[in-house]
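Structure first, then comments.
The values are calculated or read from the model by the stated rules, or taken from the named source; none is laboratory data. Everything numeric in this text was worked out from a predicted model, so none of it was measured. Please note: Cβ atoms are built from the backbone with ideal geometry, for glycine as well, and neighbour counts cover all protein chains shown. The protein model used for the area step is the full one, side chains on, heavy atoms only, and it has no ligands, DNA or RNA in it. Shrake-Rupley method; radii C 1.70, N 1.55, O 1.52, S 1.80 Å.
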Amino acid sequence: MKHKKELSQEQMNELLISLKNRFEKNRNRHEDLSWEKIQSKLESQPEKLWSLFQMEETGGEPDVIDYHQKTDEYVFFDCSPESPMRRSLCYDYPAWESRKANKPENNCIDKASEMGIEILTEEQYRQLQEKGKFDLKTSSWIKTPASIRELGGALFCDRRYNTVFTYHNGADSYYAARGFRGVLKV
């Protein structure tokens, strides 16, 4: 069943308040940016607000991490201290489909697509880690190169010993402490 991808006025107002409060509380993530410009852009793109609401509702704590001047896009990442509560997911649909038993509820690639976001690349994950310390107890799937995925693998990252690590696992694996972080460009 398809969900309507729009928010009520009340949901939109509550989300904008949450996003603004997080933006102000974490100025180190976006020192040179103005909330008013971001809010104006968000209000003109309700489908992006819907995606941010999905990130918020699943514990992602989305916040602005970057601004691309060339494309005039603000970049939101999931900034929750630990991987958002979209966990126990294998990497993608082919991995999910290949499981003979104990299939998880979903996979991170399809879940991200349903939410209107993408999962972080390794470069984006490392960019996030420059803004704070994330995934100290959890890990997050990251976008995996086709050459690795074709061989059945997938990549994930975490932060341990004050270092960001990139690992591999079978794409069909899933763990209660592994989820995914999303990115949305507005």
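Here are a few things to note about the model shown:
- Shown for the range 53-186: the carbon plus sulfur share of the solvent-accessible area, taken with all protein chains present and a 1.4 angstrom probe, equals 50%.
- Built from the Cα atoms of the range 1-55, the convex hull projects on average onto 4.1 nm², one quarter of its surface area.
- The alpha-carbon atoms of the range 128-167 define a convex hull whose volume equals 67 cubic angstrom per residue.
- For the residue pairs Lys111/Lys185; Lys4/Lys111; Lys25/Lys48; Lys100/Lys137, the C-alpha atoms sit more than 19 angstrom apart in Lys25/Lys48; Lys100/Lys137.
- Residue-wise HN-Hα coupling along the range 67-72, computed from phi with Karplus coefficients 6.51, -1.76, 1.60 (Hz; x: Gly, Pro): 9, 9, 4, 4, 9, 6
- Between the range 1-56 and the range 146-186, the Cα center-to-center distance that results, in Å: 26 Å
- With the alpha-carbon atoms of the range 48-170 aligned to their principal axes, the span from lowest to highest coordinate is 44, 36, 27 Å, starting with the largest.
- For the chain, with +1 on Lys and Arg beta carbons and -1 on Asp and Glu, the positive-most of Leu7, Cys90, Ile119 along the dipole: Cys90
- In the full protein context, the range 36-172 carries 51 Å² of accessible surface per residue, based on a 1.4 Å probe and ignoring ligands, DNA and RNA.
- Packing, taken as the mean count of other beta carbons within 10 Å per residue, orders the peptides 82-91, 119-128, 159-168 from highest to lowest as 82-91, 119-128, 159-168.
- Inverse of mean 1/r across different Cα pairs in the range 115-186, Kirkwood, Å: 12.6 Å
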